[in-house]
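In what follows, a structure is listed as structure tokens, so that the remarks can point back to it.
The values are calculated or read from the model by the stated rules, or taken from the named source; none is laboratory data. Keep in mind that what you see is a predicted model, and the values were worked out from it rather than measured. No Cβ is skipped: glycine too gets one built from the backbone with ideal geometry, and neighbour counts run over all protein chains shown. Keep in mind that these areas ignore ligands, DNA and RNA; they rest on the heavy atoms of the full protein, side chains included. Shrake-Rupley method; radii C 1.70, N 1.55, O 1.52, S 1.80 Å.
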Amino acid sequence: MAGAEDGMPSSPFGPLLAEVARMRKLNLNAAIQDVDSIIDLLTAAREQVAGDGDAHKISMAMTTLQNPVKARLEAITDDLKNVTKAQRNYGKALDRALPHRELPMEADAMADHSALINRAIAMHLLREGQFSVASTFLREEHKHREQKQTSSLASSHKSSRLDQDGDDKMNRDGDDEEEAERGEEDMHRLHSEYLQDKFSEMYRILAELKERNLVPAIEWARANNQKLEAKGSNLEFELSKLQFVWLFKGPSINGLPDNQNNGQMGALSYARQHFARFQFRHIKEIQQLCCAMVYASNLEESPYRHIFEIDSAFEDVSASFTREFCSLLGLSAESPLYMAVTAGSIALPRLIKYTTYMKEKKTEWTSENELAFETPLPTSMIYHPIFVCPVSKEQTTEQNPPMMLPCGHVLCRDSLHNIAVKGSRYKCPYCPTEGHLRDAIKITL
């Protein structure tokens with residue numbers, strides 16, 4: 001082979017290594033030497049002219065200087081041409097040795113997770129109360145999956161007769177069938193009327209809350225009291241507290257019948273009947289509600305005025321109810337599909353811009369499992385795991401957030417201030433890097 005005869009490597013990187021060696025030889029050292037020579041010639045000519053006032057000698061010195069400077073300028077041009085040519089050839093060799101690959105972001109990351117996508121769509125439709133659409137979607141998805149499984153099974157049986165390793169292939173097919181069955185079971189649970197009934201109940205109660213009727217929500221919270229308390233929820237008391245305030249405002253505000261169950265006396269009767277069971281955890285708030293009765297004639301000037309300002313109270317309690325209702329079902333308050341689409345829409349312009357830039361530079365991300373830049377999202381869309389400071393061994397909080405050092409290590413703010421010398425400079429406890437407190441970046445919780 002020619003490469004072997006020339007002493008060059010026969011691997012695919014042989015031409016690339018040859019261009020690297022050529023670039024090492026054709027560097028800018030020669031051009032720098034020529035520039036230095038020109039500087040020396042000009043310096044010598046300046047000294048000669050400055051020391052002799054004879055115009056004829058000055059003219060001769062300048063004439064003598066012309067040809068050497070011109071020759072060295074031409075040498076600099078040749079040196080730069082050789083370096084540029086070597087760089088251009090190296091770039092071509094690099095493209096041939098390392099051909100351009102598609103960026104990881106161009107691949108369909110969810111292509112292998114169609115079952116999860118279908119489940120998210122079906123769950124979103126159920127959560128939005130689109131029950132008939134959800135049923136149709138689930139029915140069509142089930143039909144499509146059955147057709148796909150039938151086709152795949154027929155193809156696998158046909159190929160297994162021709163494959164010498166048929167036993168191994170059948171085992172793999174069996175694993176695929178089991179996975180498909182698990183996915184079918186998941187979708188079947190969605191298709192059951194259980195979730196539809198639950199979300200129907202939730203929307204019915206939310207409709208009542210929209211009409212300022214708290215009774216159905218209170219009854220639901222009371223029926224699920226043990227589960228809510230196990231989660232540390234105060235939903236039942238918050239609903240009961242709002243009911244007390246709503247009754248206290250009287251028929252002119254709440255529009256309820258003008259009888260003994262409405263107005264201040266109705267609120268007091270409601271408190272006597274229902275607040276006793278909350279006194280262990282909410283005694284202070286109950287006392288404030290009852291003391292407000294004394295200021296009924298001049299409530300606006302009382303210290304309890306803020307308790308009876310309920311402009312957004314029904315919207316807040318509706319959000320709390322939705323969150324707790326979904327929590328008991330093992331679901332998040334917001335639809336995951338809605339959150340994913342919204343976050344993706346916010347991040348998409350920056351992602352497109354970054355993708356275009358990467359294509360132009362013919363490069364790619366350093367990691368396929370994470371973005372190469374920060375995506376600005378609203379606080380409500382930022383999720384994070386629990387972080388425990390490796391120095392203090394304590395979990396971070398909003399008052400003591402995690403701080404990322406320039407070296408990439410993360411500590412809590414208190415630990416960072418404790419290791420800082422004279423309140424400013426610090427040395428990372430995990431690497432030799434030193435820095436200033438102002439260089440640390442707060443990680444959003």
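Couple of notes before you dig in:
- Evaluated against (1) free of Cβ contacts under 8 Å to residues at least 40 places away in the same chain; (2) in contact with a Gly (Cβ under 9 Å, 6 or more places away or on another chain), E47 falls short on exactly one condition, (2).
- Residue within the range 279-292 that is among the small types (G, A, S) and part of a helix (DSSP H, G or I) present: yes
- Long-range neighbours under 9 Å by Cβ, at least six apart or interchain, first residue among the β-branched types (V, I, T) within the range 284-302, second modelled with pLDDT under 85: V294/S302
- Which numbered condition D258 fails, given (1) farther than 27 Å from S297 by Cβ; (2) touching a Pro at 6+ places or on another chain (Cβ under 9 Å): (1)
- One residue stands out in the range 82-119 among those that are part of a loop (DSSP other than H, G, I, E, B), surrounded by 12 or more Cβ atoms within 10 Å (Cβ to Cβ) and modelled with pLDDT of 70 or more: the one that is farthest from the chain's Cα centre (by Cα), namely L98.
- Taken as a whole, the structure leaves I39 outside the set of residues that are surrounded by 16 or more Cβ atoms within 10 Å (Cβ to Cβ), modelled with pLDDT of 85 or more, out of contact with any Ser or Thr (no Cβ under 9 Å at 6 or more places or on another chain) and on the phi < 0 side of the Ramachandran plot.
- When residues of the range 414-445 are limited to those that are touching a strand residue (DSSP E or B) at 6+ places or on another chain (Cβ under 7 Å) and open to solvent by 80 Å² or more (accessible area, probe 1.4 Å), the one nearest to F387 (Cα to Cα): K442
Conditions tested, residue by residue: (1) open to solvent by 20 Å² or more (accessible area, probe 1.4 Å); (2) within 30 Å of C326 (Cβ to Cβ); (3) among the small types (G, A, S).
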residue: F237; (1), (2), (3): no, yes, no
residue: I253; (1), (2), (3): yes, no, no
residue: L256; (1), (2), (3): yes, yes, no
residue: Y270; (1), (2), (3): yes, yes, no
residue: F275; (1), (2), (3): no, yes, no
residue: I286; (1), (2), (3): no, yes, no
residue: S297; (1), (2), (3): yes, no, yes
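- Checked against the criterion of being modelled with pLDDT under 60 and among the polar types (S, T, N, Q), the candidates S151, S160 yield just one match: S160.
- Pair list, Cβ < 7 Å and 6+ apart or interchain, from the range 305-334 residues that are under 16 Å from K241 (Cα atoms) and of a type in the set (S, T, Y) to residues that are open to solvent by 40 Å² or more (accessible area, probe 1.4 Å) and in a helix (DSSP H, G or I): S320/E238
- Sub-6 Å Cβ pairs linking a first residue in the range 124-149 that is under 30 Å from I205 (Cα atoms) and touching a residue at least 24 places away in the same chain (Cβ under 8 Å) to a second residue that is open to solvent by less than 70 Å² (accessible area, probe 1.4 Å) and outside any helix (DSSP H, G or I), at least 6 apart or interchain, are H124/S335; R127/S335, ordered by first then second residue.
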